[in-house]
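All remarks here apply to the structure that follows.
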Amino acid sequence: MKKGINKNNNLIKFLIILGIVICSLSLVAAHQPRITDGDYSLPENAVLIEQPEISQAFYGQLTGKPVYYKITSDKPFKLYVGILIPDISGVQKNFMSVEVTDSAGNSVLFLNGSDYDWKPYFEEFGGDQYLEGPEARKNVTARTYYIKVFNSNNQGKYSLAIGEIESFPPLESLQAMVLLPILKQQFFEKNIVGFLLQLVGIIIALGTLTVMLSLNLKAKKSEEWLETALKVNPYIKNFYWIGFILTIILWLAHYITNPLNILGIINTLVLVILVIMSYNLNKKFANITMDKLYLKRSVALYVLWWLFVFLTVTVI
């Protein structure tokens, strides 16, 4: 008995550690995403950049005017600036230039995108294609700086990279999960209808799993709840599999469009483990007793589901 308990505990610990490692890998290779949406065509109404040494990516679009960013620092810091554009098939590539000036108008850095040999860059974790432009680093003094993104006709999408210190606190991670699907649609022009349908499948599957887990937890307290769980589990597990099958089909349809995506490969393996664990656990749910509720396995499955959700949002 103790051997089985230790085995389940080790499984949960392994899944939690695996989730932390994978989530860390996906974020350590990324900038904190920001969407620049509005009129920032003058220095007076520039986008304010806070913590300029922290790695951030500002996604925006020129629509006939340049876009300005502003950094105000009360201490010297290392300024890093880089520029990328989306590499989308069939869409004109509008190369960008970046100029950094101080508050007196003196030039600090100039990234000439028109004369630069832009190179293809495949972001293997998110699975996105870019063209990587010029970048520069410089130790600067404490003062106000303006960053101007522009090209000859001030048209096109861009990603302005600022800072090199990777940092993803919890709230920033949650914000990134919300912004990523929007960026995929607006910046890379990806169709997220499939993702939304897959989200429906995830909600159905994860929701029914939550119900089953809750019932089994209550079944530990009384015979009445045990009887309820035995009656309800066979019915709601059908909804679980409906949601799960929808999730599987739509995930695989998305994955085959970009099989070289590293996180996509990992997420597919997570999905395979979910299928195996779900099949084994669903059979056991039909014959639970107060001594055998399989709670640790259920929690392990629940943790794995949330890992799948995180990776799906990251790579969609």
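The values are calculated or read from the model by the stated rules, or taken from the named source; none is laboratory data. On a predicted model such as this, the values are computed, not experimentally measured, just so you know. Positions of Cβ are generated from backbone atoms using ideal geometry, with glycine treated the same way; all protein chains shown enter the neighbour counts.
Residues to consider are T312, T289; find the one that is outside any helix (DSSP H, G or I) and touching a residue at least 40 places away in the same chain (Cβ under 8 Å). Show your work before the answer.
Numbers: T312 fails: outside any helix (DSSP H, G or I).
Of the residues listed, the single one that is outside any helix (DSSP H, G or I) and touching a residue at least 40 places away in the same chain (Cβ under 8 Å) is T289.
On the basis of being closer than 25 Å to I182 by Cα, touching a strand residue (DSSP E or B) at 6+ places or on another chain (Cβ under 8 Å), not in a strand (DSSP E or B) and not hydroxyl-bearing (S, T, Y), does I88 make the cut?
Values: closer than 25 Å to I182 by Cα: yes; touching a strand residue (DSSP E or B) at 6+ places or on another chain (Cβ under 8 Å): yes; not in a strand (DSSP E or B): yes; not hydroxyl-bearing (S, T, Y): yes.
So I88 fits the description; yes.
Can you tell me which of L271, L250 is within 23 Å of L199 (Cα to Cα), modelled with pLDDT of 80 or more and in contact with a Gly (Cβ under 8 Å, 6 or more places away or on another chain)?
Criteria check complete, one pass: L250.
How about region 76-94: which of its residues are hydrophobic (A, V, I, L, M, F, W, C) and under 26 Å from the mean Cα position of the chain (by Cα)?
Within region 76-94, L79, V81, I83, L84, I85, I88, V91 qualify.
Restricting attention to region 275-316, which residues are aromatic (F, W, Y) and at negative phi?
Narrowing region 275-316 to residues aromatic (F, W, Y): 279, 285, 294, 302, 305-306, 308, 310.
Result: Y279, F285, Y302, W305, W306, F308, F310.
Which condition number does S41 fail, the rest of (1) assigned to a strand (DSSP E or B); (2) over 26 Å from the mean Cα position of the chain (by Cα) being met?
Every condition holds for S41 apart from (1).
Select from region 144-166 the residues that are farther than 23 Å from D128 by Cβ and touching a Pro at 6+ places or on another chain (Cβ under 9 Å) and list them in ascending order.
Residues satisfying the conditions are Y145, Y146, K148, F150, N154.
Can you run down the residue pairs with Cβ atoms below 8 Å, 6 or more apart or on separate chains, where the first is in region 146-168 and on the phi > 0 side of the Ramachandran plot and the partner is surrounded by 16 or more Cβ atoms within 10 Å (Cβ to Cβ) and of a type in the set (S, T, Y)?
Listed pairs, sorted by first residue: G163/S55; G163/Y80.
Go through (1) without any contact (Cβ under 8 Å) to a residue 24 or more places away in the chain; (2) in a strand (DSSP E or B) for A104 and report which single condition fails.
If we test A104 against (1) without any contact (Cβ under 8 Å) to a residue 24 or more places away in the chain; (2) in a strand (DSSP E or B), just (2) comes out false.
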